[in-house]
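The values are calculated or read from the model by the stated rules, or taken from the named source; none is laboratory data. Predicted model, so just to flag it, every value in this text is computed and none were measured. Positions of Cβ are generated from backbone atoms using ideal geometry, with glycine treated the same way; all protein chains shown enter the neighbour counts.
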Amino acid sequence: MYRIIAVAVAVALGATVVHAQNADAIKQRREAMREIAKAGGAPFKMTKGEVPFDLAAVQTVLKTIQDNAPKFKTLFPDDSKVGATEAAAKIWTARADFNAVADKWAADAKAAAAAIKDEASFKAEYPKMTQACGGCHGTTAGFAPGLGDSFKRMQTPLQ
């Protein structure tokens, strides 16, 4: 009887440790995406003409992307496929493609940061960089659901 209880406790503790690892990776990647979404709020509105051009805000989101995009390559470990995540299975089945998208996004943000100096260059260069979002969230990429309302949802802190 004691052996059965001991085995059950050991299994439960092991599952808790695995679940904690899953939750940590998921939380880290969600926080990284939220950081990008928060920084990207004003530039997104600039593209629609809703707020005036602000070079500092543009450079902030580009730096935030450069800092966070490479992290995504390590924030989707095999033990984080389930839980509070909307990540598509394709991330794990097409890992090299996913990693290439993360690298391209960081490189595109770096190029945009170097090129954007004023409103005219913002209008010309920023849309090129935002196309990288479709590398994961686009309907053909299949790494994540479309942006839709997720952009607004990502701007609020995790509970």
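Cβ-Cβ under 8 Å, sequence separation 6+ or interchain: first residue in the range 10-33 and within 19 Å of D67 (Cβ to Cβ) and surrounded by 10 or more Cβ atoms within 10 Å (Cβ to Cβ), partner aliphatic (A, V, I, L, M) and at pLDDT 90 or above. Which pairs?
What qualifies is A25/L75; Q28/L75; R29/L75; A32/L75.
Checking T156 against (1) among the β-branched types (V, I, T); (2) part of a helix (DSSP H, G or I); (3) modelled with pLDDT under 90, only one condition comes out false. Which one?
(2)
If only one of A100, A84, A109, A42 is at pLDDT below 90 and more than 13 Å from the chain's Cα centre (by Cα), which one is it?
Numbers: A100 fails: at pLDDT below 90; A109 fails: at pLDDT below 90; A42 fails: at pLDDT below 90.
Going through A100, A84, A109, A42 in turn, the sole match is A84.
State all residues of the range 119-153 that are exposed (fewer than 11 other Cβ atoms within 10 Å of the Cβ) and either within 14 Å of P43 (Cβ to Cβ) or modelled with pLDDT of 85 or more (or both); if no residue qualifies, say none.
Listed by number, the list holds a single entry, A120.
So, of the residues in the range 64-118 that are hydroxyl-bearing (S, T, Y) and surrounded by fewer than 18 Cβ atoms within 10 Å (Cβ to Cβ), which turns out to be farthest from D24 (Cα to Cα)?
Out of the qualifying residues, it is T93.
Considering every residue within the range 46-60, establish whether at least one is under 18 Å from the mean Cα position of the chain (by Cα), in a loop (DSSP other than H, G, I, E, B) and not aromatic (F, W, Y).
no
List pairs: first residue in the range 77-95 and part of a loop (DSSP other than H, G, I, E, B), second residue among the basic types (K, R) and surrounded by 11 or more Cβ atoms within 10 Å (Cβ to Cβ) anywhere in the structure, Cβ distance under 9 angstrom, at least six positions apart or on different chains.
Partner pairs satisfying both residue conditions: A84/K27; A84/R30; T85/R29; T85/R30; A87/R29; A87/K81; A89/K81.
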